[in-house]
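For reference, the structure is listed below as structure tokens.
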Amino acid sequence: MNEWEKTIHINEFKNNDQVLAKANNAEVLLIKSNDEYFAVTSKCAHLGLGLKGGKVNSEEKTITCPWHDSQFCLKTGETKQWVTMSGIKKYLLFFIPKKTPLNAITFDVKIEDNHLWLKPN
């Protein structure tokens, strides 16, 4: 997908700031933070576990994986923090180390006709 793809209506964010949607034949996590919208693949680059429910830092524009505490930039996908010791302790059974940090896949987001439109970065 190199073109803009229409996804959800902005009213989907009425009661939640994180919504799953389909785009580019993949599940995407759409995030609303301080009236700004972001889109990132829904699975963490570390183990493929869900990012939904991860802590969003509005100032730094990052999301922290709820499973092992890796942190990714919502605009670029850049890894800001890779698996932490607290994450390893919390989820030791799921921990399979990858030595090189992997970036998340993000999308450009625009609003048109009250819908979010996505285009891969």
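The values are calculated or read from the model by the stated rules, or taken from the named source; none is laboratory data. What you see is a predicted model, and the numbers here were worked out from it, not measured in a lab. Here Cβ is always computed from backbone atoms with ideal geometry, including for glycine, and neighbour counts include all displayed protein chains.
Scoring Phe72 on the criteria (1) in contact with a Leu (Cβ under 6 Å, 6 or more places away or on another chain); (2) at pLDDT 90 or above leaves a single failure, condition (1).
Is it true that some residue in the range 58-77 is among the aliphatic types (A, V, I, L, M) and more than 15 Å from Val109 (Cβ to Cβ)? No, there is no match, as no residue in the range 58-77 is among the aliphatic types (A, V, I, L, M) and more than 15 Å from Val109 (Cβ to Cβ).
Here is a yes/no grid of residues against (1) of a type in the set (S, T, N, Q); (2) buried (at least 18 other Cβ atoms within 10 Å of the Cβ); (3) assigned to a loop (DSSP other than H, G, I, E, B); (4) modelled with pLDDT under 95:
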{"residue": "Asn11", "(1), (2), (3), (4)": "yes, no, no, yes"}
{"residue": "Lys22", "(1), (2), (3), (4)": "no, no, no, yes"}
{"residue": "Val28", "(1), (2), (3), (4)": "no, yes, no, no"}
{"residue": "Ile31", "(1), (2), (3), (4)": "no, yes, no, no"}
{"residue": "Ala39", "(1), (2), (3), (4)": "no, yes, no, no"}
{"residue": "Gly48", "(1), (2), (3), (4)": "no, no, yes, yes"}
{"residue": "Ile63", "(1), (2), (3), (4)": "no, yes, no, no"}
{"residue": "His68", "(1), (2), (3), (4)": "no, yes, yes, yes"}
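Beta carbons closer than 9 Å, at least 6 apart along the sequence or on distinct chains, pair a first residue in the range 6-18 that is closer than 19 Å to Lys43 by Cβ with a second that is of a type in the set (A, V, I, L, M, F, W, C) and assigned to a loop (DSSP other than H, G, I, E, B) for Gln18/Leu51.
Scanning the range 27-44 for residues that are without any contact (Cβ under 8 Å) to a residue 60 or more places away in the chain and within 19 Å of Asn103 (Cα to Cα), which turns out farthest from the chain's Cα centre (by Cα)? Applying the filter and picking the extreme gives Glu27. Residue under question is Lys90, and the condition is that it be at pLDDT 90 or above and surrounded by 12 or more Cβ atoms within 10 Å (Cβ to Cβ); does it hold? Against the criterion (at pLDDT 90 or above and surrounded by 12 or more Cβ atoms within 10 Å (Cβ to Cβ)), Lys90 does not qualify.
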